[in-house]
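Have a look at the structure below, then the notes.
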Amino acid sequence: MTTPFLRPTWAEIDLDAYGRNLQKIRAKVGPSVKILALLKANAYGHGALPLGVYAQENNLCQFFGVASVEEGIALREGGITLPILVLGSLFPFEAFEYAIKYDLSIAVASLSAAKTIKEIARKMGKKARCHVKQDSGMGRIGTRRSRVMEVLEALAHDDFIEIEGLFTHLSSVETDPAYTEEQIGYFRDTMTNVRLQQIPVQLCHIAASSAIEQRPDAYCDMVRAGHATFGLTQGYEPILTLKSRIVFAKEVSQGSSISYNRSFVAPRPMRVATIAVGYGDGYLRSLSGKAEVLIRGKRCLVLGNITMDMCMVDITGIDGRVGDEVVLIGRQGTEEISAAELARKAGTIDYEITTLLTPRVTRKYKQVCLMP
């Protein structure tokens, strides 16, 4: 039996806007550059499988990117047949067996990983698709510049290995152009050595959303698009609207306390609404007393501490009633609250605002028609 949609807190995901964002990236990078659409962390909270199916059915990308083997398996079992690259460093190495079984491309970040993949692929009798990761300065995972050719050579010309890609990740595109140039230079050196030593690498890729916008010289053979596809990058359409409803409304007198620890005390007579959303839904407690929501096209301040399941807002002067729709992220009338606005008020980044939306926030997918 399917659980009915009862709790009035949900996220609307505009699939057509997602498609238009991917089309905009296609127009920017040109027809010859492949697009890897990132679906890791449940597509930054937007829903990996519905977005993946939509992109695949409409030929909007050539690859998908995930963070773990489990994420890749879920997409495969949901009907995704396009190539899927697991971008994270796999540990324990037994995970390679599952990656190969489900035809997932594997990020190889060390010589020991390369040797293990060869052994497992040969034992299984099935080819492993590998993307060698070079650490050009991010300092997260990847083979050092001095050792990357050693890893590539270990994988080259093996009957059970396909070197599908070579990649790196830029750390500071928006904040440090000189360091970015240095990283790109290191990667170009490696690409030159690959050509000179005739190592059969199919795809070189370096650019994620920021570099897609600012560094067209770094497109190489493929770009990895995430932030922009969800409309979180300026110039792209936000695809997520977070909504709830007023579940309680009351008049309060001057001096009345609102929320835990009397975190708000009414300075005057007010009208206060309770909304069915809280930090248990991913609406961060650090937004307490800072965030605003939209009710009847007006901005209303969150009062006091956000609780696990509910929060209170000031609706003084607004004819707000139980059942009224509330927009926490998105547009209502002429007003808009973006994920970036909430991120600034919470002292974080917009990636975190959407990614932390919990599973109990029902995702509703809107689609007018398939892409032309």
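The values are calculated or read from the model by the stated rules, or taken from the named source; none is laboratory data. Bear in mind that the values here come from a model prediction, so they are computed numbers and not experimental data. Backbone-built Cβ (ideal geometry, glycine too); neighbour counts: all protein chains shown. Note: accessible area is taken over every heavy atom of the protein model, side chains too, but ligands, DNA and RNA are not part of it. Shrake-Rupley method; radii C 1.70, N 1.55, O 1.52, S 1.80 Å.
Of the residues making up the range 233-248, those that are open to solvent by less than 30 Å² (accessible area, probe 1.4 Å) and either of a type in the set (A, V, I, L, M) or modelled with pLDDT under 95 (or both) are Ile239, Leu240, Leu242, Ile246.
Residue by residue through the range 265-277, note down the ones that are surrounded by 22 or more Cβ atoms within 10 Å (Cβ to Cβ) and touching a Leu at 6+ places or on another chain (Cβ under 9 Å).
Our first condition is that a residue be surrounded by 22 or more Cβ atoms within 10 Å (Cβ to Cβ); within the range 265-277, this holds for 272-273, 275, 277.
Those that are surrounded by 22 or more Cβ atoms within 10 Å (Cβ to Cβ) and touching a Leu at 6+ places or on another chain (Cβ under 9 Å): Val272, Ile275, Val277.
Taking the listed residues Gly280, Gly297, Gly289, Gly304, the one that is small (Gly, Ala, Ser), exposed (fewer than 15 other Cβ atoms within 10 Å of the Cβ) and in contact (Cβ under 8 Å) with a residue 12 or more places away in the chain is Gly297, with no other qualifying. Taken over the range 212-262, the criterion of being closer than 30 Å to Ser136 by Cβ, in a strand (DSSP E or B) and small (Gly, Ala, Ser) is satisfied by Ala225 alone.
Within the range 137-182, can you find the residues that are hydroxyl-bearing (Ser, Thr, Tyr) and either surrounded by fewer than 22 Cβ atoms within 10 Å (Cβ to Cβ) or under 14 Å from Cys204 (Cα atoms) (or both)? Result: Ser146, Thr168, Ser171, Ser172, Thr175, Tyr179.
I'd like the full set of residues that are out of contact with any Asp or Glu (no Cβ under 9 Å at 6 or more places or on another chain) and assigned to a strand (DSSP E or B), limited to the range 266-311. Selection gives Thr274, Ile275, Val293, Cys311.
Of the listed requirements (1) farther than 14 Å from Ser244 by Cβ; (2) open to solvent by less than 60 Å² (accessible area, probe 1.4 Å); (3) part of a loop (DSSP other than H, G, I, E, B), Gly320 misses just one: (1). Meeting the requirement of 2 or more residues that are farther than 30 Å from Asp159 by Cβ, the helices (runs of 4 or more DSSP H) wholly within the range 7-126 are 15-29, 40-44, 48-57. Checked against (1) of a type outside the set (S, T, N, Q); (2) within 25 Å of Ala48 (Cβ to Cβ); (3) open to solvent by 20 Å² or more (accessible area, probe 1.4 Å), Leu111 passes all but condition (2). Pairing residues of the range 103-132 that are over 11 Å from Glu164 (Cβ atoms) with residues that are open to solvent by 60 Å² or more (accessible area, probe 1.4 Å) and among the charged types (D, E, K, R), at Cβ distances under 7 Å and at least 6 apart in sequence or on separate chains, gives Leu111/Arg147; Leu111/Glu150; Ile120/Glu97; Ala121/Lys127; Met124/Glu97.
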